[in-house]
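One structure below.
The values are calculated or read from the model by the stated rules, or taken from the named source; none is laboratory data. Everything numeric here is computed off the predicted structure, so don't read it as measured data. Calculation scope for accessible area: heavy atoms of the full protein, side chains included, ligands and nucleic acids excluded. Shrake-Rupley method; radii C 1.70, N 1.55, O 1.52, S 1.80 Å.
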Amino acid sequence: MMPVDAESLWEIQQQEEVLRYTEGVSCDHEEELEKHRAYVEHVYPMYGYGLWAVCLKDNKKLIGRCGIQDREYNGVWEVELGYLLDSKAWGQGYATEAVTAVIDYAFNQLEISEIVAWIEPENERSIRVAKKAQMKFSEYRTKNGKCFACYNICKVDCERVGDLDSKWEYE
């Protein structure tokens, strides 16, 4: 993601269907733009990864974001997968393609060994995406009074069954 993506991302995040399952999004336009700028400026250089832009191949239009970031749960740091798409792009395979590419990149380029996704149990679309990406349900967790179904995937499990033939090109 680049600072110039902030406005397009803001418009996507304000869609009622998208906002329903998105944590920490403010209704304040300027606050969200500043959070995006700060994220791009600090997170990528610090960790070497973050949430990346998901763009259409033919016209490069931003349709969402997908990536990994560190998350602490009960004193343990883990790598969390996150994804968000424009509701107009739902049901077309873009989320599964992006999630699969991120998992492949995390395992094969960044040498991350395990990834977890926190998904609200009612978010059936995201659960289907996680399952298509071979993530398995691990447990329910509660954070800030909200219940999440956690799905995870381990590199060793993928290597065992030969699922991660790297076919992605990264820019």
Open item on the list: Can you list residues from other chains, or at least 5 along the same chain, whose modelled amide H is less than 5 Å from the amide H of GLY64?
Closed with: VAL54, ASP86
- [ ] Please give every one of the lysines within straight-line cross-link reach of LYS57, meaning a C-alpha to C-alpha distance under 18 Å, and leave out same-chain neighbours fewer than 8 residues apart.
- [x] LYS88, LYS167
Open item on the list: Cross-link candidates for LYS143: which aspartates and glutamates have Cα within less than 18 Å, leaving aside residues fewer than 8 places away along the same chain?
Closed with: GLU23, ASP70, GLU72, GLU78, GLU80, GLU120, GLU122
Open item on the list: Can you compute 3J(HN,Hα) from phi for each residue in segment 78-87, using the Karplus curve 6.51 cos²θ - 1.76 cosθ + 1.60 with θ = phi - 60°, rounded to whole Hz and x for Gly and Pro?
Closed with: 9, 9, 9, 8, x, 8, 8, 10, 3, 4
Task: Accessible area of segment 32-149 divided out per residue, in Å², using a probe of 1.4 angstrom - done: 54 Å²
Task: Built amide H within the under 5 Å cut-off of GLU120, gap 5+ - done: ALA149
- [ ] Take MET135, MET46 and sort them by solvent-accessible surface of the protein heavy atoms, 1.4 Å probe, largest at the top.
- [x] MET46, MET135
Task: Whole-angstrom Cα spans of segment 56-152 along principal axes, big to small - done: 43, 32, 21
Task: Nearest-10 value in Å² for the accessible area of THR142, using the 1.4 Å probe - done: 90 Å²
Task: segment 73-160 - percent relative contact order, Cα under 8 Å, separation 6 or more - done: 28 percent
- [ ] Tabulate in residue order the Karplus-calculated ³J(HN,Hα) for segment 125-139, using 6.51 cos²θ - 1.76 cosθ + 1.60 with θ = phi - 60°, rounded to whole Hz; enter x for Gly and Pro.
- [x] 4, 5, 5, 4, 4, 4, 5, 5, 8, 6, 7, 10, 4, 10, 5
